[in-house]
């Protein structure tokens with residue numbers, strides 16, 4: 001059995017965001033909005049035998065590990081169930097958690113594309129910084145459709161799927177797309193054949209991406225913003241969701257319309273921004289999702305494959 005556990009379901013900044021007083025953040029603090037706090041986006045994949053792959057190392061990873069006792073099997077005085085970390089991009093909210101794992105007893109296995117490893121060795125030099133601590137044992141992901149595994153989880157087949165989103169703002173390639181700046185992840189249980197597709201950052205539904213969505217048993221996809229101009233309308237930014245590399249849920253060509261085209265698979269939104277009205281469990285937007293058979297991920301959610 002392969003277990004997919006949502007460690008964190010929010011976008012960068014988490015929910016509530018520390019300095020935000022939007023209706024959602026203020027309401028969850030005051031108890032006037034029915035919503036559940038969330039940490040920043042990450043999932044873990046387990047084989048049922050104390051071994052786990054962490055996909056994206058969020059800045060909240062220490063809190064996430066405390067909330068997931070299975071990832072700390074306590075077999076030795078210093079121990080972890082983490083066999084390796086897979087990165088889908090180099091965004092700060094997906095890689096900063098590597099710094100929190102610096103006490104690892106040996107070099108931490110990290111799997112990422114050439115583009116991501118380049119950013120982490122130059123613009124945001126985590127590989128150099130961590131060389132003074134545990135160090136990183138880096139593995140370059142194939143982008144040609146070849147599956148790979150993270151030992152000892154040989155029955156969990158992973159495939160990196162290049163997709164269109166954005167490199168981090170700090171990256172020299174922010175506005176110059178490189179293959180592998182962003183990937184989705186096909187996750188297959190070799191024994192059952194069931195599989196999931198994980199893409200928390202998704203700017204456009206390219207034909208090969210739609211094929212991945214349509215063939216999966218479970219999809220966990222970008223749920224960042226409800227409206228493309230959500231942050232502009234609130235006065236928080238001058239950028240649209242699309243400018244930041246995210247496809248909004250509502251409107252023509254949005255995520256809801258896309259997911260409606262899929263067969264009867266399990267459809268889950270993840271990487272949800274603190275401003276998104278779907279966080280309010282009593283909102284009309286949340287009811288609209290439910291009418292379309294779309295779930296909203298939450299920290300601690302588990303899916304069996």
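The values are calculated or read from the model by the stated rules, or taken from the named source; none is laboratory data. Bear in mind the structure is a predicted one, so any value in this text is a computation, not a measurement. Note that we place each Cβ from the backbone using ideal geometry, even for glycine, and neighbour counts take in every protein chain shown.
Exactly one residue out of 85, 28 is touching a strand residue (DSSP E or B) at 6+ places or on another chain (Cβ under 8 Å), assigned to a strand (DSSP E or B) and modelled with pLDDT of 95 or more, and it is 85. Residue check: residue 174 meets all listed conditions (1) outside any strand (DSSP E or B); (2) farther than 12 Å from residue 2 by Cβ; (3) touching a residue at least 12 places away in the same chain (Cβ under 8 Å) but one, namely (3). The single condition among (1) surrounded by fewer than 17 Cβ atoms within 10 Å (Cβ to Cβ); (2) assigned to a strand (DSSP E or B); (3) within 17 Å of the chain's Cα centre (by Cα) that residue 164 does not satisfy is (2).
What are the residues in the stretch 1-12 that are at pLDDT 95 or above and surrounded by fewer than 19 Cβ atoms within 10 Å (Cβ to Cβ), if any? Listed by number, the list holds a single entry, 3. Residues considered: 115, 90. Of these, the only one that is out of contact with any strand residue (DSSP E or B) (no Cβ under 8 Å at 6 or more places or on another chain) and within 18 Å of residue 159 (Cα to Cα) is 115. The residue of the stretch 88-114 that is nearest to the chain's Cα centre (by Cα), among those that are closer than 30 Å to residue 274 by Cα and part of a helix (DSSP H, G or I), is 94. Tell me, yes or no, whether the stretch 130-138 has at least one residue that is within 14 Å of residue 180 (Cβ to Cβ) and surrounded by 15 or more Cβ atoms within 10 Å (Cβ to Cβ). Looking through the stretch 130-138, at least one residue is within 14 Å of residue 180 (Cβ to Cβ) and surrounded by 15 or more Cβ atoms within 10 Å (Cβ to Cβ). Being within 25 Å of residue 211 (Cβ to Cβ), surrounded by 13 or more Cβ atoms within 10 Å (Cβ to Cβ) and out of contact with any helix residue (DSSP H, G or I) (no Cβ under 6 Å at 6 or more places or on another chain) is the requirement here; does residue 117 meet it? No, not satisfied. When 39, 80 are screened for being in contact (Cβ under 8 Å) with a residue 24 or more places away in the chain, over 17 Å from residue 12 (Cα atoms) and touching a helix residue (DSSP H, G or I) at 6+ places or on another chain (Cβ under 9 Å), only 80 passes. Criterion applied to 228, 260, 222 was being out of contact with any helix residue (DSSP H, G or I) (no Cβ under 9 Å at 6 or more places or on another chain) and either free of Cβ contacts under 8 Å to residues at least 40 places away in the same chain or crowded, with 24+ Cβ neighbours inside 10 Å (or both), and the one residue passing it is 260. Restricting the stretch 194-215 to residues that are over 25 Å from residue 239 (Cα atoms) and in contact with a strand residue (DSSP E or B) (Cβ under 9 Å, 6 or more places away or on another chain) leaves a set whose member that is surrounded by the fewest Cβ atoms within 10 Å (Cβ to Cβ) is 208.
Checking 302, 295, 288 one by one, the residue that is in contact (Cβ under 8 Å) with a residue 12 or more places away in the chain and farther than 18 Å from residue 218 by Cα is 288 and no other. Here residue 56 meets each of (1) in contact (Cβ under 8 Å) with a residue 60 or more places away in the chain; (2) surrounded by fewer than 23 Cβ atoms within 10 Å (Cβ to Cβ); (3) touching a strand residue (DSSP E or B) at 6+ places or on another chain (Cβ under 9 Å) with one exception, condition (2).
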